[in-house]
1. Just by accessible area at a 1.4 angstrom probe, what is the order of PHE110, PHE131 from largest to smallest?
2. Considering only protein heavy atoms, what is the solvent-accessible area of VAL69 at a probe of 1.4 Å, reported in Å² to the nearest 10?
3. At 1.4 Å probe size, with every protein chain present, just tell me what the per residue accessible area of segment 1-86 comes to in Å².
4. Could you check the simple spin-label distance between HIS199 and SER15, using points 7 Å along Cα→Cβ, in nm with one decimal?
5. In sequence order, what are the phi-derived ³J(HN,Hα) couplings for segment 178-194 according to the Karplus relation 6.51 cos²θ - 1.76 cosθ + 1.60 with θ = phi - 60°, rounded to whole Hz, with x for glycine and proline?
6. With every protein chain in place, what's the accessible area of SER126 (1.4 Å probe, Å², nearest 10)?
7. Amide H to amide H, which residues 5 or more places from LEU87 or on other chains are under 5 Å from it, using H placed in the peptide plane?
8. Could you pull out every residue, at least 5 positions away or on a different chain, whose amide H is within less than 5 Å of the one on ASP64? Hs are placed 1.01 Å off N in the peptide plane, and Pro or chain starts have none.
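The values are calculated or read from the model by the stated rules, or taken from the named source; none is laboratory data. Just so we're clear, the structure is a prediction, and the values are computed from it rather than from any experiment. FYI the Cβ positions are ideal-geometry reconstructions off the backbone, even for glycines, and counts take in every protein chain you see. SASA here: full protein model, heavy atoms, side chains in, ligands and nucleic acids out. Shrake-Rupley method; radii C 1.70, N 1.55, O 1.52, S 1.80 Å.
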Amino acid sequence: MKNAAQKKTVLLAESRTLLRIGLREIVHEAGDMAVAGETTDSTDTIRSIRDLAPEVVVMGPLTDCADSVEATRKIAAEVSSGLPRFLALVDVWDARSFDVTESEVGGLLFTNASAEELRAAIRMLSAGYSFLAPETYQRAVRAATAGPRTPPVTDMTSRELEVLRLLARGYTNAEISRDLSLSESTVKSHVQNVLHKKHLRNRAGAVIYAYETGLTKVGENLAHLSRRAYPGGERNRVANS
């Protein structure tokens, strides 16, 4: 049984230098995990897995593999024993990656995930669990890549549509409040009205609805709605109510 004080070992297999540096910092800041090594191609990754025996491999595109899923499949087929758990990083618009199964990669995470989400996924994989990106995001991205449809929005006010579009981009009630110069209680009321009118259970359902009806799409610029630009760009997450 692993000593409780022993750090989880992570191999970073990622050809994109800036992203690899960011991953390294996220792992270093965790306190309970350490970077065992870094690789940029499949040959070096296979060698490092055999030599370093990492518990988790955070897998991105490699110089000789088009994407993280292809890289994971290739490397898993080459390593006959001591196979680590793989966490494949995929872009939100790459719908092809949603065909992968838990048995193939162990973990699947979008590249727009937060640092804490990445660390949580590594911990889960290290503990022997599987981790797949939330079904909510998968459905939303599939809907977005399928092309826009005419949204049945005749029963929503223009303000409710503004709130829904910002909500779909991951804005919290406080951020929507600041952006549209509304009180948080008014924003919450608009959100509840949208959920009630469209018979949606929660905010995640509202996000799916916005993508499925074409009200918003992956990569859409919301500058026409925003009164203030946010440092660091739009948030791509679903906030809790």
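1. Details: PHE110 10, PHE131 40 Å².
My answer, sorted largest first, is PHE131, PHE110.
2. Result for VAL69: roughly 10 Å² accessible.
3. On the way: 4290 Å² over 86 residues.
Using a 1.4 Å probe on heavy atoms only, each residue of segment 1-86 averages 50 Å².
4. 4.8 nm
5. Coupling constants for segment 178-194: 5, 5, 9, 6, 10, 6, 5, 5, 5, 4, 4, 5, 5, 4, 4, 4, 4 Hz.
6. 30 Å²
7. Under 5 Å from the amide H of LEU87: VAL57, VAL58, MET59.
8. So ASP64 has HN proximity to SER42.
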